[in-house]
1. Mind checking which pairs have a first residue in region 448-471 that is closer than 11 Å to K400 by Cα and a second that is aromatic (F, W, Y) and at pLDDT 95 or above, Cβ under 6 Å, 6 or more apart or different chains?
2. If you go through region 131-145 one residue at a time, do you hit one that is within 30 Å of A318 (Cα to Cα), touching a helix residue (DSSP H, G or I) at 6+ places or on another chain (Cβ under 8 Å) and part of a loop (DSSP other than H, G, I, E, B)?
3. Being over 42 Å from the mean Cα position of the chain (by Cα), modelled with pLDDT of 90 or more and assigned to a helix (DSSP H, G or I) is true for just one of T436, T408. Which residue is that?
4. Considering only region 54-104, state which residues are under 30 Å from L268 (Cα atoms) and at pLDDT below 85.
5. Given the options A300, A318, name the one that is over 28 Å from D60 (Cα atoms), at pLDDT 90 or above and touching a Ser or Thr at 6+ places or on another chain (Cβ under 6 Å).
6. Restricting attention to region 4-27, and to residues there that are of a type in the set (V, I, T) and surrounded by 14 or more Cβ atoms within 10 Å (Cβ to Cβ), which single residue is modelled with the highest pLDDT?
7. Can you go through E161, E144, E167 and tell me which one is touching a strand residue (DSSP E or B) at 6+ places or on another chain (Cβ under 7 Å) and closer than 26 Å to R371 by Cβ?
8. Which members of region 265-292 meet the condition of being touching a Gly at 6+ places or on another chain (Cβ under 9 Å) and at pLDDT 90 or above?
Amino acid sequence: MKKYLNILTFLVLLTALAACKISKNVETPQTALPETFRNAVATTDTASIADLPLDSFFTDASLQKLLDSAIAKNYDMQIALKNIEASQLLFKQTKWAYFPDARLQITAGSNRPSDNSLNGLSASSFLNTTHIEDYTVSMGLSWEADIWGKIKNRNGRALAEYLQTIEVKNAIRTNLVAMVSQGFYNLLMLDAQLGIAEKNLALSDSTLRIFGFQFASGQVTSLAIQQAEAQKLTASKLIPELQQAIILQENALSILAGDLPGRMERNLKLDQISFPETLATGVPTSILNRRPDIRRSELALDVANANVGIAKANMYPALTITASGGINSFKASNWFNIPASLFGAAAGGLTQPLFQRNQLKTQFEVSKLERERTVMEFRQTVLYAVGEVSDALVKIEKLKEQQTIADTRVRTLQQAISNSKMLFQSGMANYLEVITAQSNVLQSELELVAIKRAQLAANVDLYRSLGGGWRN
């Protein structure tokens, strides 16, 4: 018995040492990246705003408080954390795959065979009984040698899947930060637009009074009064619309922050929020390590490599070693009579799949195709990332030009209102010119505020697309 165990042990060690890698992993593909982002200043400096923590990039205290609440209480974030915990447990469990499977079994039985059967005659002749009893306590071991790296690939896959859940959480946080900050800036824009509508309503009311005096003296017709009232109603209609939009935006932000709908605190106005004129983007290659979605896509390739290795190993022989031992007796009184009741057995076997309806080969070919698809998805993710950075940069640049033009237009139209009123009172302009000037100012001021909000949103887009927002 000892001789056979030594031979079996030698074979196991030999096969373990001779274990070969039956599947070659595909390395992370080298994706073509530009030397600099489009619309960015050429630089070799790797520093980027993406490396800034949240409280350094978002300096408004109200927004910082809102972001902290969203990160701590948002349900998508909490679900992601639970997924990480579950994946971590699965990864820890895979480390036990190299250990044998051990099972303890305790059985006791009694069998009454036929008196005319061989067992019945034997029991009657040798045991002087009509019942055959059997009592056993045994320990069984089963162990599969990792000849083809199947267990190693399973462990590698579990590790990559665990790390993927971390990157998913980071990606959720990055998107959450962008959504909350842009929603907050949208709320400030609505506040500003509400103030513009209320100011324009007061201006329209003043104009209507002037027209009323002119109408009483016979200088204008009732048509002028009607046109002025229509302009006042236009401004009046904006107020409930903007108030509704403000409440809806506050509700949306509350839900993102994991709270019940309620009023949002804000300490600054829209025109008091600003970012630096120049935002460092770093070099394009840096986003490969900064963006969670790219790192998750890279880990997906590790999972695909492991799946190919597992599928290939399933087509090769599996060496399984089993052993069992314990105590056994056909009488309860002798059950624990040691060493007489001791027994043991050991066996080793190779199992080679022969014909399984072509399932193993098909699974292997499919896993290779899925790996090729993963490579394409990785390259696509990198391409989209570079495009998002370039989009954010051009938005920042062109919105700055739009803001300069819109600001000049607002100042010009505001001066036109004063001029139109003076000309109207002196009889050198008609009432339509006054109303048109007021309407133009209202629209241009609303547009200027919208451009300001779009500038802030573009800066947030740049921060997110470079890979910022997931660091503390």
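The values are calculated or read from the model by the stated rules, or taken from the named source; none is laboratory data. In this text the structure is predicted, and so the values were computed from the model without any measurement. Backbone-built Cβ (ideal geometry, glycine too); neighbour counts: all protein chains shown.
1. L456/Y185
2. Yes - at least one qualifying residue is present in region 131-145.
3. T408
4. none
5. Going through A300, A318 in turn, the sole match is A300.
6. This residue is V26.
7. So the residue among E161, E144, E167 that is touching a strand residue (DSSP E or B) at 6+ places or on another chain (Cβ under 7 Å) and closer than 26 Å to R371 by Cβ is E144.
8. K269, R290, R291, P292
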